[in-house]
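First comes the structure, then the notes that go with it.
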Amino acid sequence: MEVVCIGAGYVGGPTMAVMAKMCPKDRFTVVDVDANRIDAWNSDRLPIYEPGLDEIVTMCRGRNLFFSADVPAAIRKADIVFVSVNTPTKLYGEGAFFASDMKYYEQTARDILAYADSDKIVVEKSTVPVRTAATMSRILCSGKQKHNFVVLSNPEFMAEGTAVQDLCAPDRVLIGGDDTPAAQSAVNRLAGLYSQWVPANRVLKASVWSSELSKLASNAMLAQRVSSVNSLAALCEASGADVTEVSKAVGMDGRIGPRFLEAGIGFGGSCFTKDILNLVYLCRHYGLENEAEYWHQVVKMNARQRERFVSRIVAAMFNTLSGKRVALFGLAFKSDTGDTRDSPAITIAEGLVREQAEVVIHDPKASSAGIPGVSFVQTPYEAAAWAHAVLLLTNWKEYVELDYARIFDSMQKPAFLFDGRNLLDHHKLHAMGFNVYPVGKPALEHF
Ligand code: NAD
Ligand code: UGA
């Protein structure tokens, strides 16, 4: 089978690489309008960092995995066209700051229509508003030629940092298709591709609309847990309870489960906020104001968590950060990725710059995010040297293993440590001399 994926980003690249590994008899081509990105996929320095990805790309590239900027040629030869282009929040006009901007997505429909010279199965991989498949079908059916197009929904549930393992062993693969014989035959063909490595009981079939909505719902439910636990963290700080103990006690209830209950500086990444805002927009579109407001609170709580973190720093450091060096450990929105899209660390860095702090950032993979007034250094030790405060903002494992006694010695006193991920041994750090401020727990101070 000839498979093409339009969009060589965080989803398109890893998804097709894993498919190429798992389906050695099929051919996978990933195309993008960004020729530099394609060049990077064809080089030894891939455009994204994802554990285990380099090995798979090296194994499959040139065998049954190809990266190309020639979109028309790839579309022409494809049996299946995955679409995994970006669907960011719309920043203009109707629905601004809530709806998804579908201009990139719609362009792919027009490209497929323009270049297709045979029947195609078109698969929505991007996260899209409910009923996007109808728009896609309308555009694809508007041409003069007689090719048949079937549009399926097959949302992607991988998380960054664990993309390879998520794709190799997904919790589920969801395929949405219409009831028509043509659509059901396309669903079976796509399911056949996945059946080469995914057990049949993990391949779930649904209607197109349910499939599209399930993706938004999954992200909303995950993000909602994070906002819920962060709201409890604020209550813990106010009342003297410990959010880690609360999360553990709550998560041991089998009905609730332990995952996505880690309090911190709030969720980041390119999708949670955008997808919930899209859900809010859709609820409003259907006149469901209360439901829209319910989900909007998840995003508002997340924004508040970032602000609260900065306010706590200002309050703890005697109400002024002006001229004080503050070291940020981590900029990526989570560990094991270089992605800084909507990273809480950026909002926090910007808040500190507004307070006139001297902000110095270290991250093992993320180098810059265009934040004015900050500097980057090569090691966490360099960042911490002569700093008043260290902020742990990304849960990189290497930050747990640092020599904190050395860091303490190199800092100005009193030395402050704000652990935005509750990753470190706070009592040990306090014993070293740090004033320690975890999230959702009492501070450990020396005054
Ligand atoms: P991305 O920005 O990393 O990649 C999108 C790529 O599409 C870009 O390289 C862009 O140049 C390309 N593109 C845009 N329009 C094009 C066109 N007309 N023709 C060819 N190429 C085009 O985005 P991403 O993070 O890979 O996300 C893609 C989609 O997948 C989004 O809808 C997102 O919500 C969803 N998603 C993302 C993740 C994730 O972890 N990043 C996980 C699941 C789902
Ligand atoms: C998330 C979902 O987990 C994926 O299933 C989905 O496919 C993807 O969004 C998407 O649609 O883009 P991702 O954003 O890559 O994946 O990473 P997550 O592991 O979900 O983390 C998101 C954010 O929540 C991170 O900033 C993380 O640090 C934060 N988080 C997560 C917490 O603050 N606490 C937790 O307990 C869990």
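Observations
- FRET E, pair residue 209, residue 103, Förster distance 22 Å, beta-carbon r, rounded to 0.05: 0.50
- Taking the helices alone, the chain has a mean residue ellipticity at 222 nm of -13000 deg cm²/dmol, built from -39,500 (n - 2.57) per DSSP H run of at least 4 residues and averaged over all its residues.
- FRET efficiency, residue 316 to residue 188 (Cβ-Cβ, R0 51 Å, nearest 0.05): 0.30
- Packing, as the average of other Cβ atoms within 10 Å across residues, places the peptides 243-250, 6-13 in the order 6-13, 243-250, highest first.
- In terms of surrounding Cβ atoms within a 10 Å radius of their Cβ, 298, 173, 400 rank from fewest to most as 400, 173, 298.
- Contour excess over end-to-end distance, with Cα ends at residue 135 and residue 397 and 0.36 nm allotted per residue: 89.9 nm
- Angle between the chain longest axis and helix 208-239 axis [Cα atoms, degrees, rounded to 10]: 10
- What the Cα convex hull of the chain gives, in volume per residue, is 155 Å³.
- Between residue 288 and residue 443, the distance separating the two model label sites (each 7 Å from Cα on the Cα→Cβ line) works out to 4.2 nm.
- Set of segment 413-441 residues, backbone N closer than 15 Å to the point 7 Å along the Cα-Cβ line of residue 405: 428-434
- Residues whose placed amide H lies under 5 Å from that of residue 328, excluding near-sequence neighbours: 360, 361, 362, 391
- Column: log10 I(q)/I(0), Debye, Cα scatterers of segment 2-206, q = 0.08, 0.15, 0.17 Å⁻¹: -0.25, -0.94, -1.22
- Computed from backbone phi with θ = phi - 60° and the Karplus coefficients 6.51, -1.76 and 1.60, the 3J(HN,Hα) list for segment 63-73 is 8, 9, 10, 9, 10, 8, 9, 8, 4, x, 4 Hz; x is used for glycine and proline.
- Of interest is the spacing of the C-alpha centroids, which for segment 62-86 and segment 7-25 amounts to 11 Å.
- Long-range amide H partners of residue 173 with built H, under 5 Å: 203, 204
- Ranked packing of 306-317, 328-339, 88-99, 27-38, most packed first, by mean Cβ within 10 Å: 328-339, 27-38, 306-317, 88-99
- Once the C-beta distance of residue 25 and residue 92 is scaled by a Förster radius of 41 Å, the resulting FRET efficiency is 0.35 to the nearest 0.05.
- The label-point distance for residue 179 and residue 58, in a model that sets each label 7 Å from Cα toward Cβ, rounds to 5.2 nm.
Read-outs throughout are calculated quantities, based only on the coordinates presented, and are distinct from any laboratory measurement. All figures in this text were calculated on a predicted structure; none of them were measured in a lab. Note that each Cβ is placed from the backbone with ideal geometry, even for glycine, and that neighbours are counted across all protein chains shown.
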